[in-house]
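First comes the structure, then the notes that go with it.
Since every read-out is calculated from the coordinates, none of them should be taken as a lab result. Nothing here was measured: the structure is a model prediction, and the numbers come from that model. In this analysis, Cβ positions are derived from the backbone assuming ideal geometry, glycine residues included, and neighbour counts consider all displayed protein chains.
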Amino acid sequence: MSIIDIKNLSKQFENIIAVDNLSLSINQGEMFGIVGPDGAGKTTNFRMLCGILTLTYGTATILGYDLIKNLK
Ligand SMILES: Nc1ncnc2c1ncn2[C@@H]1O[C@H](COP(=O)(O)OP(=O)(O)OP(=O)(O)O)[C@@H](O)[C@H]1O
Ligand SMILES: [Mg+2]
């Protein structure tokens, strides 16, 4: 079962594309790490998944709940 499912997730700040079309799926029981250089977009990705930042484009579900529809 997919716990986190991200499709084409993108975030643009003014003239910077911080996250560019990220798609990934994390299954139940999997351990997942995200590694990248400074400014790669790791924190921005997690901020979107936590609802702290809005998405510019894309969709994400967590435990089957649509991130955009269930932010409140
Ligand atoms: N609130 C913001 N406004 C404008 N640009 C931002 C904002 N937050 C992040 N950025 C830019 O988005 C890009 C991705 O930043 P982010 O902090 O997500 O990277 P990171 O992978 O977490 O980096 P680090 O390893 O240094 O923590 C960078 O170019 C950063 O300057
Ligand atoms: Mg960071």
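Remarks
- Exposure proxy for L9, L53, L24, L63: other Cβ atoms within 10 Å of each Cβ, ordered fewest to most, give L63, L24, L53, L9.
- When you filter the chymotrypsin sites (Phe, Trp or Tyr not before Pro) in the chain for DSSP loop state and at most 12 other Cβ atoms inside 10 Å of their Cβ, you are left with F32.
- In this Cβ point-charge picture (+1 for Lys and Arg, -1 for Asp and Glu), the chain has a dipole of about 200 debye about its Cα centre.
- On the beta carbon distance between K42 and Y65, with R0 = 25 Å, the FRET formula returns roughly 0.65.
- Using a Förster distance of 25 Å, the FRET efficiency for N8-K72 (Cβ separation, nearest 0.05): 0.60
- For region 1-69, trypsin sites (Lys or Arg not before Pro) meeting the loop criterion (DSSP other than H, G, I, E, B) and having at most 11 other Cβ atoms within 10 Å: K69.
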